[in-house]
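The structure under discussion appears below in the form of structure tokens.
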Amino acid sequence: MTQTVLVTGVSRHIGARVASVLAADPAIDRVIGVDTVPPPSLSRDGGVPSDRVEFVRVDLRSPDIAQVIAAADVDTVVHMSLVSAPPRSGGRALMKEHNVIGTMQLLGACQRSATVRRVVIRSTTAVYGSSPHDPAVFAEDTEPGEHPGHGYAKDACEVEGYVRGFARRRADVAVSMLRFANFMGPGIDSPLTRYLSQPVLPTVLGFDPRLQFVHEGDAVEVLRRMATEDHPGTFNVAGDGVLLLSQCARRAGIAALPLPAPAFRLMGDLVGDLVRGVGFTGYSAYSAEQVRLMRYGRVVDTTRLATALGWRPKYSTAAAFDSRFATAARR
Amino acid sequence: MSGTASELLDFLRRRVTGQYDVDEFGFDPELTDKVLLELIRPLYRHWFRVETVGMDNVPGDSGALVVANHSGTVPLDALMLQVALHDDHPRRRAVRLLGADLVYQLPVLGHLSRKTGHTLACREDADRLLRKGELVGVFPEGFKGVGKPFSERYRLQRFGRGGFVASAIRAGVPIIPCAIVGAEEIYPKIGDLRFLARALGLPYLPVTPFFPWLGPLGLVPLPSKWVIGFGEPIRTDEFTPSDADDPMLVFNLTDQVREVIQQQLNELRLRRGHAFPPLF
């Protein structure tokens, strides 16, 4: 049986790597990558150089995606195109439209399609929020006390709602929803890696959150397996173990600067304005959800994933962090 | 001597470079044993002269639920229970206490509490810890117990909804009734600044014979003599996990545990005698 995979969000690191790994799989005939902008180079960062990933420039917010799916007889859709921070041009409104409307269009197209058999959605553990009223460890079926009301986490909650609706309406399609912890690794550029790359690390005074990371290689492997085998359901994905923010700072050899919560936010805004002022647009000020994460942290249970795949991430949370931030001085 | 010096250096290097493990709840066993408990050990040994009774009722390596009375205005009894189970138990057990969510909202207290192995009192966390074979400790009276007036000392308050019993049944672990005598006298609460407490979002704001009159000096706990007793385990393994959903059974068992602890309290209090032995 031939397999044609559609990957959204291929202009970004993990999406690109997933596309090239799938393209290298002999069991897969075609890999179609879509995104709003062309990928810098699908072969960068040690991914398999492949011209086998066909790039199609599609704005997910438009119904064009349905034509792509219909024309290519796509049977597997890997939806990676969730952005966690407002894009460099355009603000939060654009980000929300991209995340939520984009997913709705994609799912609408999948629902119409007679060929789609498997859908893999990238979500985030941010859907659990961060709060002092919640259990220490979230399993997939834990109902958080308060649903995130801002930004990326809110988008992800809405996206998950549409995905659940889709899964109900098309019970014949295997839908896997993956809630990833923060990606970590040499190739990752996210609000969190930028936050951790600062020369001095502002932290919230009196709080030391528990954090979890998933190494980019492990994330790609999970997505590859999900795209090539049927594992319907929702799965948390994170490296084993936990790091406290204070441990992260110590492992990276950077000084932590504890600030009272209001000053912490202000600092984020100030630095944001400053670096934007000098023309560096990659920086984003701390969002409300990041501030909450930096207070209360978040840890998820990954037993369900390990059981379903019979596999555990190669990198623990600590190893994933070290792969990016470990100081050279350490053995 | 050089051994201890190099141990200390190793310890410091691990701490400074972040090369130590915390569990998924944020428990940092090394920091707890070497630093945090070390700070309160003088209080345990010399100030309250804590004596433990019936430690052999606490299992050595399997899961169990320690259920204790709560008192003293400031929950020092939780810390003393933790030192007792760590230092006086042959297997040096790390008790995982379940605390109110107020603790986790507060700066400093929230993360210190996680680092010492405590977590939020909720069904998910209790079940998870017991499943892992941890020794879990609860104070079912909560604020009602720790914040009760001095006149009600050694009278157990209501035991919540019995969630702890349901957790023990689900995990099939024994309940160890525990009576803490001595905490009642450390800060005799004779009044409550309700208005100020409400404004600060606290469950109560105590007035004691020394606080707030003596300022910071009034925060020094009185050196009462303490006894912590562990009673015979109450087994739950003859139930099936689904019995945890039978409210009648859960209520009855909750009552039984409460009565046992009240009786233990009465006995230990008699055995201890005066709260301040050298003085009275």
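General remarks:
- Each principal axis of the Cα cloud of the protein assembly as shown was evaluated for its coordinate range; sorted largest first, these ranges are 91, 56, 55 Å.
- Taking the protein heavy atoms of chain B in the context of the full set of protein chains, the accessible area attributed to carbon and sulfur is 60 percent at 1.4 Å.
- Whole-number accessible area per residue in Å² for the protein assembly as shown, which is evaluated in the context of all protein chains at 1.4 Å: 43 Å²
- Each Cα pair under 8 Å and six or more residues apart adds its sequence gap; the mean of these over the residue count of chain A is a relative contact order of 18 percent.
- The accessible-area loss of the stretch A:234-261 on complex formation, taken against its chain alone with a 1.4 Å probe, reaches 20 Å² or more at A:Val242, A:Leu244, A:Gln247, A:Arg250, A:Arg251.
- Inter-label distance, B:Leu8 to B:Arg41: 1.4 nm, where each label sits 7 Å from its Cα along the C-beta direction.
- With R₀ fixed at 60 Å, the C-beta to C-beta distance from A:Asp29 to B:Leu193 puts the FRET efficiency at about 0.20.
- Set of aspartates and glutamates near B:Lys148 by C-alpha distance (under 18 Å), chain-local residues within fewer than 8 positions excluded: B:Asp77, B:Glu184, B:Glu185, B:Asp192
- Counting only DSSP H runs of at least 4 residues, each contributing -39500 (n - 2.57), and dividing by the residue count of chain A, the helix-based mean residue ellipticity at 222 nm comes to -11000 deg cm²/dmol.
- Area accessible to solvent at B:Tyr20, 1.4 Å probe radius, in Å²: 20 Å²
- Partner lysines whose Cα lies under 19 Å from the Cα of B:Lys225, excluding those fewer than 8 positions away in the same chain, are identified as B:Lys189.
- Heavy atoms of A:Ser11: accessible area, 1.4 Å probe, square angstrom to 10: 20 Å²
- When the charge dipole of the stretch A:159-222 is built from unit charges on Cβ atoms (+1 for Lys and Arg, -1 for Asp and Glu) and taken about the Cα centre, the candidate among A:Ser197, A:Val159, A:Phe183 whose Cα reaches farthest toward its positive end is A:Val159.
- Membrane-span-like helices of chain B, defined as complete DSSP H segments with a Cα extent of 15 Å or more along the helix axis and a mean Kyte hydropathy of at least -1.0, are identified as B:2-17, B:76-87, B:247-272.
- Area buried, chain A against chain B - accessible surface, total, 1.4 angstrom probe, square angstrom: 2000 Å²
- Relative compactness, chain A, computed as alpha-carbon Rg over 2.2 N^0.38 Å: 0.97
- Paramagnetic reach from A:Ala72 (point 7 Å along Cα→Cβ, amide N under 17 Å) across the stretch A:190-229: A:224, A:227-228
- Amide H contacts under 5 Å for A:Met177: A:Ile121, A:Gly233, A:Thr234, A:Phe235, restricted to partners 5 or more places along the chain or on a different chain, H placed in the peptide plane at 1.01 Å from N.
- Nearby aspartates and glutamates by direct alpha-carbon distance to A:Lys96 (threshold 18 angstrom, same-chain neighbours under 8 apart not counted): A:Asp35, A:Asp59, A:Asp155, A:Glu158, A:Glu160, A:Glu289
- For peptide A:134-142, the mean count of partner chain Cβ atoms within 10 Å of a residue's Cβ comes to 5.
The values are calculated or read from the model by the stated rules, or taken from the named source; none is laboratory data. This one's a predicted model, so the numbers in the text were calculated from it and none came from an experiment. In this analysis, Cβ positions are derived from the backbone assuming ideal geometry, glycine residues included, and neighbour counts consider all displayed protein chains. The protein model used for the area step is the full one, side chains on, heavy atoms only, and it has no ligands, DNA or RNA in it. Shrake-Rupley method; radii C 1.70, N 1.55, O 1.52, S 1.80 Å.
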